[in-house]
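Engineer: Structure provided below as structure tokens; questions to follow.
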Amino acid sequence: MEKKKAGTSLTVGSEQVCPICGKTYTVTSGSQKCCKECQKKQRNAKKKSDPQYVKEKYETLRIYVPKGQRDGIKAYAQSQGLSVNKLLLAALEEYRNNHE
């Protein structure tokens, strides 16, 4: 209400100019400050700077699957509400627990 009284509020559905890239965009939320593309770039930049996502805390493991099975694995993980990474870690944990 304070923003509305001050005249600085944005109306949902109005056209605005993105302060970052200069493109026009349609406001979809009252708190929206820039276009969707710039929002995504800012979110990704925040993830990279967040200590949780720092590469120093993780190692990379590359796996190879038979041709044509990659999409099936991704779809199965999604159907279970997991990322492929979490699915593989859960499968390894279950294997360890059952095959000691």
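Engineer: Using a simple charge model, +1 on the beta-carbon of Lys and Arg, -1 on the beta-carbon of Asp and Glu, nothing else, what dipole does the chain show about its Cα centre, in debye to the nearest 20?
Structural biologist: 500 debye
Engineer: Going by average Cβ neighbours within 10 Å, how do the peptides 67-74, 35-42 rank, with the highest at the top?
Structural biologist: 35-42, 67-74
Engineer: Would you mind computing, in nm to one decimal, how far apart the modelled labels at Leu88 and Val65 are, each placed 7 Å from Cα along Cα→Cβ?
Structural biologist: Computed distance between label sites Leu88 and Val65 equals 1.0 nm.
Engineer: Specify the angular offset, from 0 to 90 degrees and rounded to the nearest 10, of the alpha carbon long axis of helix 70-79 from the longest principal axis of the alpha carbons in the chain.
Structural biologist: Between helix and principal axis, roughly 70 degrees.
Engineer: Given the options Cys38, Leu82, Tyr58, identify the residue whose Cα lies farthest towards the positive end of the charge dipole of the chain (+1 on Cβ of Lys, Arg; -1 on Cβ of Asp, Glu).
Structural biologist: Cys38
Engineer: Under unit Cβ charges (Lys, Arg +1; Asp, Glu -1), what dipole magnitude, rounded to 20 debye, does the range 61-100 have relative to its Cα centre?
Structural biologist: In total the dipole reaches around 260 debye.
Engineer: Hey, what do the phi angles of the range 81-93 turn into as Karplus ³J(HN,Hα) couplings, whole Hz, using 6.51/-1.76/1.60 and θ = phi - 60°, x for Gly and Pro?
Structural biologist: Result, ordered by residue: x, 10, 7, 4, 4, 5, 4, 5, 5, 5, 5, 5, 5 Hz.
Engineer: Counting other C-beta atoms within 10 Å, which of Val65, Val84 has the fewest, and how do the rest follow?
Structural biologist: Val65, Val84
Quick note: the coordinates plus some simple rules give every number you see, no bench work behind them. For clarity, every value in this text was computed on a predicted model and none was experimentally measured. Please note: Cβ atoms are built from the backbone with ideal geometry, for glycine as well, and neighbour counts cover all protein chains shown.
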